[in-house]
């Protein structure tokens, strides 16, 4: 019964979002570019997506959704730069993602997914940096943002996926727990079974646990959902992965 309630809530959210987007063709165009960019991590596509969404924030500086989507673009631009080995560009674009996400929350503090995105940005910054002190400084911020996201909408699949990444990446002494990561990703996928990236993260977690068979099943499902996903392809091949979202 509880799962039915979660499903109906998600369905309502998707219907409401679709209705809102139907009246905002410029946002839809930017999101389509973002979807293509996050799949391929192609610089040109991501830059085009950023230009499109940046223009929307400039025209409508009070719209939190525009800044949220812009933050997502910059997050993937960071991943693309990291993949090609340009750490300086990765750090610069991640700083832009941080600024975008913070602005989105200034406009709408009650956005659970914006808090989750900010948690992922902090976590990504830890991954790009070096040294214990960076993790000690930013790790608590990841926890705070994910906690607030759960308070606002604990059954949102993006919130649950971000929580899973927190459990996956945190050292055990600071709350890292692979079993909790698996549970968070699985719950997220129960609510949104079409999210290929969450299947990749589930596969990454199983691989870290030493369960290669389960990892391959999750990665195969990610590739079934999105055969062009560079994130899924590189992870399946056993290469170092960027922190997708």
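Every number in this text was worked out from the coordinates using simple rules, so none of it is lab data. Here the structure is a predicted model, which is why all the values come from computation and not from measurement. Please note: Cβ atoms are built from the backbone with ideal geometry, for glycine as well, and neighbour counts cover all protein chains shown.
Side notes on the structure shown:
- Model label points for residue 88 and residue 59, set 7 angstrom from Cα along the Cα-to-Cβ axis, are 3.5 nm apart.
- For the range 13-127, the relative contact order works out to 20 percent when only alpha carbon pairs closer than 8 Å and six or more residues apart are counted.
- Between residue 220 and residue 208, the distance separating the two model label sites (each 7 Å from Cα on the Cα→Cβ line) works out to 2.4 nm.
- Cβ-to-Cβ counts within 10 Å put 169, 115 in ascending order as 169, 115, the fewest first.
- Full-stretch length increase - residue 174, residue 192 - with 0.36 nm per residue and alpha-carbon distance subtracted: 3.6 nm
- The residues 133, 173, when put in order of fewest to most other Cβ atoms within 10 Å, stand as 173, 133.
- Which labelled figure in (1) 17.0, 49; (2) 19.5, 62; (3) 18.6, 60 is Rg and Dmax of the Cα atoms in Å, once derived from the coordinates: (1)
- Most mobile listed residue (212, 91, 145) in the chain, GNM with C-alpha springs under 10 Å: 212
- Panel order for 72, 148, by other beta carbons found within 10 Å of each beta carbon, from fewest to most: 148, 72.
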